[in-house]
Amino acid sequence: MTAPVRPTSSCKETVDVLYGFFYLQDAGQDHAAGIQIEAWSSEPPRQESWEISEDFQVACTTGEIAPVGVTMGPSEEEIVIGPPGTYAGRVYSRGRQDTRRAREEAPSG
């Protein structure tokens, strides 16, 4: 008989859902990150020069999106992605080692 499969860790919490969403946050340092949002009519070519990438799907009820900073609120810049519907997205990232290093070098307090 095999042991039941269990999670390696878990957390039970109550979160405020604001404007229809909540998020999970990596425990990295606060920092400013440059972003670029593009809307394509078909799948764009994959950019291999990034550290990591992740594909996702998002339901958009308005057809318009705007970046939202945790403490700054929504940007005044919006982008029309098309009619309301479900869209595919891709996010790229680099600089994670820099963030990890800054966290390790930060004075504990």
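Taken over the range 51-73, the criterion of being under 21 Å from S93 (Cα atoms), surrounded by 12 or more Cβ atoms within 10 Å (Cβ to Cβ) and not β-branched (V, I, T) is satisfied by S53, A66, P67.
Residues to consider are V15, V58; find the one that is in a loop (DSSP other than H, G, I, E, B) and out of contact with any helix residue (DSSP H, G or I) (no Cβ under 8 Å at 6 or more places or on another chain). Selected residue: V15, the only one of V15, V58 that is in a loop (DSSP other than H, G, I, E, B) and out of contact with any helix residue (DSSP H, G or I) (no Cβ under 8 Å at 6 or more places or on another chain). Number of residues in the range 80-90 that are assigned to a strand (DSSP E or B) and surrounded by 13 or more Cβ atoms within 10 Å (Cβ to Cβ): the value is 3. Among the criteria (1) under 23 Å from Y19 (Cα atoms); (2) surrounded by 10 or more Cβ atoms within 10 Å (Cβ to Cβ); (3) at pLDDT 85 or above, the one R46 does not fulfil is (1).
For (1) touching a residue at least 60 places away in the same chain (Cβ under 8 Å); (2) among the charged types (D, E, K, R); (3) not in a strand (DSSP E or B), each residue gets a yes or a no:
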| site | (1), (2), (3) |
| --- | --- |
| A27 | yes, no, yes |
| I35 | no, no, yes |
| E43 | no, yes, yes |
| Q47 | no, no, yes |
| E54 | no, yes, no |
| T71 | no, no, yes |
| Y92 | no, no, no |
| R100 | yes, yes, yes |
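Return yes when S93 is surrounded by 11 or more Cβ atoms within 10 Å (Cβ to Cβ) and at pLDDT 80 or above and no when it is not. In short, yes.
The values are calculated or read from the model by the stated rules, or taken from the named source; none is laboratory data. If you're wondering where the values come from, they're calculated on a predicted model, not measured in any experiment. As a convention, Cβ positions derive from the backbone with ideal geometry for all residues, glycine included, and neighbour counts pool all protein chains shown.
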